[in-house]
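Reviewing the structure listed below.
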Amino acid sequence: MKPTIAFVGVGRMGANMARRLKEQGYTVAAVYDRHAPSAQELAAELGAQVCTELAAITAAADVIFTVVTDDAAQRAVFGATGDSLLVNAAGKTFVNCATISPAVHVEIETAAAKVGAASLEACMASSIPQARAGTLYLMCGGDRAVFDRIQAVLTPLSDQGKLLRYIGPAGTAGQVKALVNMVMNINTAGLAEGLGLGATLGLDPKMLLEVFSQTGANSRVVATDGEDMINRDHSCYFSASHAAKDSGIALALGVEKGLSLPLAAATKAQYDRLVALGCGGEDKSCIAELTFPDRKGTR
């Protein structure tokens, strides 16, 4: 029998993952979100229970996905006291998908083990369309036996397992995800500077994109963000505030190891500036607002 599923955090990523699993024959028994309307809307769509207490989520399912925003939110749902996913959690498995500090993944695994539960980090290097289509690139960390036991649940989320990767012990997938986002954010900032300088020089930005795509300037963000930077279409797939947070996670790892990361530091400073300008909720492509002439951050 397929395990029953519950979700904590049903924003655009969590909700679409839940929809995908429901379509693949899993029972999504319960959902929880601090923004109650999001949980209510998805529950009505999927025939799930809306839970207002975390302990009720744990009681309702065998496998509980958490898709929250940051370290504080992750720690909050796994509290040592009060309402917590860890209440009566023996035998349950938690799959934690947030981009958080690797050390927090280790904390959660330890806390879960103390109550007889299991925890696995499943870091996502993809965005909203991939969550809906079941083509997430999933990097997993934790006990290999836990990964093997619930691999079948993760398979329909990751192009039938083609994009599913076991990295190593708890925290290692979080480290890899921090590096992925660090490099992606640096590439995005670099593309914005190249296009912004090109626009200032009077060069056709669409021509520049084509040239970049065929030369050493190419990266995936040329395809995903370039047109949006030119058109000022910053509909959010990955927010500027998350870019700032994730660059900070990588920088903290560098500090921990005594390593200087000047490009990551400069990129974080750019995204911090965007947040200060009120653009934190826009897509990371809005970093072009700091480089194109006569835009919000260059006036």
*How much length, in nm to one decimal, is gained on full extension between Lys2 and Arg220, taken as 0.36 nm per residue of separation minus their Cα-Cα distance?*
74.9 nm
_At 0.36 nm per residue, and after removing the present C-alpha to C-alpha distance, how many nm does the segment from Ala59 to Arg144 gain when stretched out fully?_
28.1 nm
*For Met207 and Lys257 in one chain, what is 0.36 nm times their gap in residues minus the Cα-Cα distance, to one decimal in nm?*
13.9 nm
*Give me D for the range 5-169 in µm² s⁻¹, whole number, from Stokes-Einstein with Rh from the Kirkwood sum over alpha-carbon pairs, 37 °C and 0.692 mPa s.*
214
_Over the range 170-281, what is the relative contact order in percent, taking alpha-carbon pairs closer than 8 angstrom and at least six residues apart?_
32
_At R0 = 30 Å, how high is the FRET efficiency between Asp233 and Arg75 if r is their beta carbon distance? Nearest 0.05 is fine._
0.30
*Going by average Cβ neighbours within 10 Å, how do the peptides 153-162, 213-222, 94-103, 251-260 rank, with the highest at the top?*
94-103, 153-162, 213-222, 251-260
_As a test of the formula, what do you get for the chain when each DSSP H run with n ≥ 4 contributes -39,500 (n - 2.57) and the sum is divided by the residue count, at 222 nm and rounded to the nearest 500 deg cm²/dmol?_
-15500 deg cm²/dmol
*What fraction of the DSSP beta bridges in the range 5-169 is antiparallel, stated in percent and rounded to the nearest 5?*
20
_Between helix 144-154 and the chain, what is the angle of the helix's C-alpha long axis to the longest principal axis, kept within 0 to 90° and rounded to the nearest 10?_
80
*What aspartates and glutamates could a cross-link reach from Lys206, if we take a straight Cα to Cα line under 16 Å and drop same-chain neighbours fewer than 8 places away?*
Glu193, Asp225, Glu227, Asp228, Asp233
_Can you compute the radius of gyration and Dmax for the range 177-299, using only the Cα atoms, both in Å?_
14.0, 44
*By DSSP, what percent of the beta bridges with both residues in the chain are antiparallel, rounded to the nearest 5?*
20
*Kirkwood-based shape ratio for the chain, expressed as Rg/Rh from alpha carbons*: 1.00
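Each reported figure results from applying straightforward, stated rules to the coordinates on display, with no laboratory input. Being a predicted model, the structure only gives us computed values, none of them experimental. Reconstructed Cβ throughout: ideal geometry from the backbone, glycine too, with neighbour counts over all protein chains shown.
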